[in-house]
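Can you read through this structure? Questions will come right after.
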Amino acid sequence: MAARPGKSDNVEPTLVPPQNSTIRSFFLDGPAGRLEALLNTGIEGATHAALVCHPHPLYGGTLHNKVVFHTMKALNRFGFPVLRFNFRGVGLSQGEHDDGYGEVDDVRAGLDWLGREFQLPIIFAGFSFGAAVGLRAACPDPRVRAVIGLGIPVVPADERAYDFEFLQECNKPKLFVSGARDQFGAQAKLEGVVASLPEPKKLVLIEGADHFFEGRLRELREAIEVWLRKVAAG
């Protein structure tokens, strides 16, 4: 049986934080109650803030997921403050899982918090379920400068299927990164989805990588960083 999105790769590795960076643990107000959150602080004079959303809560997805962690590291390397939070019903977050509907509002709550706290343009990134629900909130939000979808699940898993038609209205810079062996992102279908979207956009397929980028997290970070150098400077 195929692995489920977000079931594995959910332990944050031990890495040295960027110099002078600190981690703030707190709760932000969400529509279903408080949401457990971590903020990796940025530098003074940061040009952007960032939000990273985790994979499916019912299959082990949390803010400590390795893909989420390494995405945060890539964004934080540019000096951006980066927010991660647990969706409703995960970890210490209140509420119950809502099949991706209420979770869109959780993402909006995270964007609202970043907007109030920093008043900077925002980079959004989401992995798997976090991309499927988070992009719905981020794409139409005028505060969001650019979006990143990692391992977007274009192939249904069990009874779950995600609709990405809404991305055809997203004119912001878009980066999509998936493993060439992603069991939930068949290459032909993924390329078809991305081809249908408006510019600017970029698709990166990492050779040998599966849905969880197992053994390919360095390449994932590099893909994000290369793209960000252009987008953040624009």
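The values are calculated or read from the model by the stated rules, or taken from the named source; none is laboratory data. Only a predicted model underlies this, so the values are computations on that prediction, with no experimental measurement involved. All Cβ positions, glycine included, derive from the backbone under ideal geometry; neighbour counts span all protein chains shown.
For segment 61-109, name all the residues that are touching a residue at least 60 places away in the same chain (Cβ under 8 Å) and closer than 26 Å to G215 by Cβ.
G61, N65, K66, V67, V68, H70, T71, K73, A74, L75, R77, F78
A further question follows. Scan segment 149-156 and tell me whether some residue there is farther than 14 Å from L135 by Cβ, without any contact (Cβ under 8 Å) to a residue 40 or more places away in the chain and in a helix (DSSP H, G or I).
No, the conditions are met nowhere in segment 149-156.
Residue check: is G185 of a type in the set (G, A, S), out of contact with any Leu (no Cβ under 6 Å at 6 or more places or on another chain) and farther than 14 Å from G149 by Cβ?
It is false that G185 is of a type in the set (G, A, S), out of contact with any Leu (no Cβ under 6 Å at 6 or more places or on another chain) and farther than 14 Å from G149 by Cβ.
Further question: Regarding F85, is this residue touching an Asp or Glu at 6+ places or on another chain (Cβ under 7 Å) and farther than 15 Å from A146 by Cα?
yes
Being in a strand (DSSP E or B), without any contact (Cβ under 8 Å) to a residue 40 or more places away in the chain, of a type outside the set (G, A, S) and touching a Lys or Arg at 6+ places or on another chain (Cβ under 8 Å) is the filter here; which residues of segment 169-206 pass it? Before the answer, list the steps.
So the first thing to find is which residues in segment 169-206 are in a strand (DSSP E or B), and the list is 174-179, 201-206.
Subsequent filtering for residues that are without any contact (Cβ under 8 Å) to a residue 40 or more places away in the chain retains 174, 176, 178-179, 201-206.
Subsequent filtering for residues that are of a type outside the set (G, A, S) retains 174, 176, 201-206.
Selection gives K174, F176, K201, K202, I206.
May I pose another question? Do we find that A137 is out of contact with any His (no Cβ under 9 Å at 6 or more places or on another chain), under 25 Å from Y59 (Cβ atoms) and at pLDDT 95 or above in this structure?
Working: out of contact with any His (no Cβ under 9 Å at 6 or more places or on another chain): yes; under 25 Å from Y59 (Cβ atoms): yes; at pLDDT 95 or above: yes.
Spelling it out, A137 is indeed out of contact with any His (no Cβ under 9 Å at 6 or more places or on another chain), under 25 Å from Y59 (Cβ atoms) and at pLDDT 95 or above.
Within segment 37-57, restricting attention to residues that are in contact with a Ser or Thr (Cβ under 7 Å, 6 or more places away or on another chain) and surrounded by 22 or more Cβ atoms within 10 Å (Cβ to Cβ), which residue is farthest from S93 (Cα to Cα)?
Residue satisfying both the conditions and the ranking: N40.
Condition check: acidic (D, E), in a helix (DSSP H, G or I) and free of Cβ contacts under 8 Å to residues at least 40 places away in the same chain. Does D112 satisfy that?
In short, yes.
Restrict the check to segment 116-137 and report whether at least one residue is more than 26 Å from E165 (Cβ to Cβ) and among the small types (G, A, S).
Among the residues of segment 116-137, not one is more than 26 Å from E165 (Cβ to Cβ) and among the small types (G, A, S), which makes the answer no.
Condition first: surrounded by fewer than 22 Cβ atoms within 10 Å (Cβ to Cβ) and at pLDDT 95 or above. Now tell me which residues in segment 17-36 satisfy that. Give the steps one after another, and end with the answer.
Within segment 17-36, the subset surrounded by fewer than 22 Cβ atoms within 10 Å (Cβ to Cβ) is 17-29, 31-34, 36.
Result: I23, R24, S25, F26, F27, L28, D29, P31, A32, G33, R34, E36.
Within the set of pairs 6+ apart or on separate chains, which have a first residue in segment 32-46 that is farther than 9 Å from F85 by Cα and among the hydroxyl-bearing types (S, T, Y), a second that is crowded, with 19+ Cβ neighbours inside 10 Å and at pLDDT 95 or above, and C-beta atoms under 9 Å apart?
T41/N76; T41/P81; T41/V82
Consider segment 35-80. How many of its residues are among the charged types (D, E, K, R) and in a helix (DSSP H, G or I)?
2
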